[in-house]
Structures are given as C-alpha cells and as structure tokens.
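Structure first, commentary second.
The values are calculated or read from the model by the stated rules, or taken from the named source; none is laboratory data. Quantities reported herein were computed from a predicted structural model and do not represent experimental measurements. Note: ideal-geometry Cβ built from the backbone for every residue, glycine included; neighbour counts use all protein chains shown. Protein only, heavy atoms only, side chains kept; ligands, DNA and RNA dropped before computing areas. Shrake-Rupley method; radii C 1.70, N 1.55, O 1.52, S 1.80 Å.
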Amino acid sequence: MPTAAATPKKQNGKAAPSVQNGRTSHKPHISSLLTDDDRKKLFYRMLQAREFDLAMIRLYKQGRAFGGVYSQIGNEAASVGSASALRDDDAYFPMHRNVGGHFTRGQELRSMLKNFLAREGSMMRGTDGTGHYADVSKKVFGNVSHLGSMIPVAVGYAMAAKMRGENTVAMTYIGDGGAQTGEFHEGMNLAAVQKTPLVLIIENNQYAYSSPNSVEFACERLSDRAVGYGCTGITIDGTDLELVYETCKNAVENARKTGVPAIIESLTMRMRGHAEHDDFSYVPKEMLEEWQKRDPIDRYVAVMIERNLYTQAQIDALRKEISDEMNRAIDEVVELPFPKPEEGRRLVFVD
Ligand SMILES: Cc1ncc(C[n+]2csc(CCOP(=O)(O)OP(=O)(O)O)c2C)c(N)n1
C-alpha cells in the first residue's frame, strides 16, 4: 500500500501548510497496476463526471433541475479511482458525490439524466432528483440519505454475499460529517467482527455543510479509527487518481482474501456549496484557492501529457466531444414527459 508519507494532513477548516502541495511540489502517483489503456478509461470517466456536474449546475441555474444539485467537483479522482478497483460482481453503494462511480459501474448517461431530471420511466419514476436508486443489474445500490445508515446496509449485503459463498466485496462511502454517526461505529464494528469484505471510503472533503473538520472530530486522521475496530486503515490524497486506485485495489483484494474490512480516508475539498443553493461563503477563499491547485482533473491532464498519452489539443477535443454528447443527451431528456402523479404512490402504498 502507498505510505502515509504521500498524505496531506487534515485541515480543521483552515488552509494548512501540509496541503500546500501544488501541482509542482506534489507529483501524482503512477501505479504499476494500470495500463495506459486503463489510464485513458479512468481519465474519460473523470471528464464525464465533471461535465455531468457542470451540466447539472447549469440546469439548476436555469430552474430546470429538481431538488438539490450536489456536485462532486474535486472528488472525481476519489470516486472514479475507488469504483474502478471493484470487479463487476462486487457491490457498489455510492453516496451523493459519486457520479464518477456511477459512470464507472456502467451507468448510462441518458438513464442517469432521466433520473436526475425526474422524467417518466426513469429508475425512480420521477420521485428522485439525484442518485437514490438501485440498479441491481450493475450491483449499484445507492444511496440511503440518512447519513451513516448505508454502512450497516452494505455490511449486511457483504455478510449475505459471504454466506452465499460469492467471494465478492462491498464498497461504500461516507462523508467526514456522516462518519460521526452511531451507525458508522455499529457498521464498522460488525463488519470487522464478522470478517465481512467491506471497503469504506471516508470522503473527507473538509466540510459537512457549514461545519469544518475542527468541530466534527478530534483525532488526527479518521483512518486511525481502524485500529479500534480491528481492520486496516489509511489516509490518502483523494485528488491523486492512481494513488486512490492502487490503495483501493489493494484494500479490495485484501478484504476479498482475508475478510478484513478497510477504512480509507480520502482527503479532498468540496469545491462548491453543500448543494447549489448554498453559496459556501463560510469557506475561506484562500482554502479554495489552495485546493484549486490540486484539481484532480488538472493533475491527471498533466500525467496524460507527460506520459505522451494525449496532447493538450487531443484533450481539448475529447472534452468537447464529451460536452457535446452531454448537451445532446440533455436536449433529448428534457423533451420527455414527467411522470403521472399517481406514480409517486407506486411501491410506497399497497393498492
Ligand atoms: C442522519 C442525518 N443527519 C442529517 C442529514 C442532513 N444532511 C444531509 S448531507 C449533510 C452534510 C453531510 O456532510 P458530509 O457527511 O461531510 O458529506 P458531504 O456532503 O460533505 O460530502 C447533512 C447534515 C442527513 N441526511 N442524515
């Protein structure tokens, strides 16, 4: 596993010197587990996730989105890198900042847009405007809104899969805020005692709504809790795609082999408000500027160019292609009808 030396420290809501590793002083990790083809695929998914978020933000501002728009800008490497470490038969329990993970699991753009734009025939039949859906065929089960509750659910899945003799792993996520719930503790303890192959990514993006890390927990690293449960734990830079991938891959395969769960704390910054209604004026500007230098996509663009996988012109063309396809898909989806009101009752009340 990568060592903690590559790890910036938590910030307690302030710009800390230890994370002033801009693009020049902190070289991204290059994983021997990835081929150049893999790199291109992962890069594409990060770009797709970013474009999806930007499109949803535009739609929100135009009054065409429904409910909150929770962007994952800044979290693309954490989301795509972790989900890529799973096999297709492993189970994925995403949270609200894992659009990149949805794409990685093979979720189709139009199907996601239909759900996010609450159209008839979408996975949640118009009753949801984000990712509270399960796509059983792709083993995507997400997400339980009550923070912390998805951990015991994922543990339960992993226990059942183990009883069925499947040899599969369940991966789930929690934010730095949600990591302070009782269900986090109950879930992780049960996972460790029962030796269930679970990998939990704590997405520490420095804030839970307006609460900074300093009012959330007193330990140095959230991964330090692992020793108390009897599982493995590591804190990593969540803006470094290949570091995330390799750490997660090792944790997934170790959990599969030994049944020992893992806690991986991924350090990032929430680069937008909690959702688009929130102007996040409580976040110091310097802190955002500092993290902007660590933008996961910019960092990986540099890797792509340095390794001669793409030129800047090819990357620009790729981004345009993704953006054009996003706009075409949105134009199609917004023409679709909304569901009939009675659809909202289906699967809630017995007829
Ligand atoms: C048990 C519970 N309490 C409160 C909420 C309301 N809520 C939704 S998201 C959120 C902040 C979550 O912060 P964090 O876990 O750090 O994740 P982030 O949104 O920063 O990614 C809150 C308080 C909730 N969904 N569940």
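Some points to look at:
Residues are listed down the side, and each one gets a yes or a no for (1) within 12 Å of the ligand (Cβ to nearest atom); (2) among the small types (Gly, Ala, Ser); (3) closer than 21 Å to residue 98 by Cα:
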{"residue": "138", "(1), (2), (3)": "no, no, yes"}
{"residue": "146", "(1), (2), (3)": "yes, no, yes"}
{"residue": "149", "(1), (2), (3)": "yes, yes, yes"}
{"residue": "175", "(1), (2), (3)": "yes, yes, yes"}
{"residue": "200", "(1), (2), (3)": "no, no, yes"}
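- Test result for residue 299, surrounded by 16 or more Cβ atoms within 10 Å (Cβ to Cβ), touching a Pro at 6+ places or on another chain (Cβ under 9 Å) and part of a helix (DSSP H, G or I): yes
- Test: residue in segment 85-93 that is closer than 23 Å to residue 309 by Cα, modelled with pLDDT of 95 or more and not aliphatic (A, V, I, L, M): no
- Residue 67, sole failed condition from (1) within 27 Å of residue 254 (Cβ to Cβ); (2) modelled with pLDDT under 95: (1)
- The single condition among (1) over 27 Å from residue 302 (Cβ atoms); (2) open to solvent by less than 20 Å² (accessible area, probe 1.4 Å); (3) among the aromatic types (Phe, Trp, Tyr) that residue 173 does not satisfy is (1).
- Residue-level analysis places residue 110 among those that are open to solvent by 50 Å² or more (accessible area, probe 1.4 Å), closer than 26 Å to residue 337 by Cα, among the charged types (D, E, K, R) and at pLDDT 95 or above.
- Answer residue from segment 226-270, given it is within 16 Å of residue 84 (Cα to Cα) and of a type in the set (Asp, Glu) and is most open to solvent (accessible area, probe 1.4 Å) among those: 253
- Some residue of segment 227-245 being more than 30 Å from residue 301 (Cα to Cα) and within 11 Å of the ligand (Cβ to nearest atom): no
- Scanning segment 58-79 for residues that are open to solvent by less than 10 Å² (accessible area, probe 1.4 Å) and either more than 16 Å from the ligand (Cβ to nearest atom) or in contact with a strand residue (DSSP E or B) (Cβ under 6 Å, 6 or more places away or on another chain) (or both) yields a total of 2.
- Qualifying residue in segment 158-173 (condition: under 26 Å from residue 222 (Cα atoms), within 16 Å of the ligand (Cβ to nearest atom) and either part of a strand (DSSP E or B) or not charged (D, E, K, R) (or both)): yes
- Within segment 57-97, the set of residues being farther than 24 Å from residue 151 by Cα, outside any loop (DSSP other than H, G, I, E, B) and in contact with a Leu (Cβ under 9 Å, 6 or more places away or on another chain) comprises just one member, 59.
- Condition broken by residue 156, with the remaining ones in (1) under 15 Å from residue 190 (Cβ atoms); (2) surrounded by 19 or more Cβ atoms within 10 Å (Cβ to Cβ) satisfied: (2)
- Subset of segment 210-233 [among the small types (Gly, Ala, Ser) and over 16 Å from residue 254 (Cα atoms)]: 210, 211, 214, 218, 223, 228
- Checked against (1) away from the ligand (no atom under 15 Å from the Cβ); (2) at pLDDT 95 or above; (3) within 21 Å of the chain's Cα centre (by Cα); (4) of a type outside the set (Asp, Glu), residue 195 passes all but a single condition, namely (3).
- Among (1) closer than 11 Å to residue 148 by Cα; (2) among the polar types (S, T, N, Q); (3) surrounded by 23 or more Cβ atoms within 10 Å (Cβ to Cβ), the one test that residue 204 misses: (1)
- Per the listing 223, 137, the residue uniquely open to solvent by less than 30 Å² (accessible area, probe 1.4 Å) and closer than 23 Å to residue 86 by Cα is 223.
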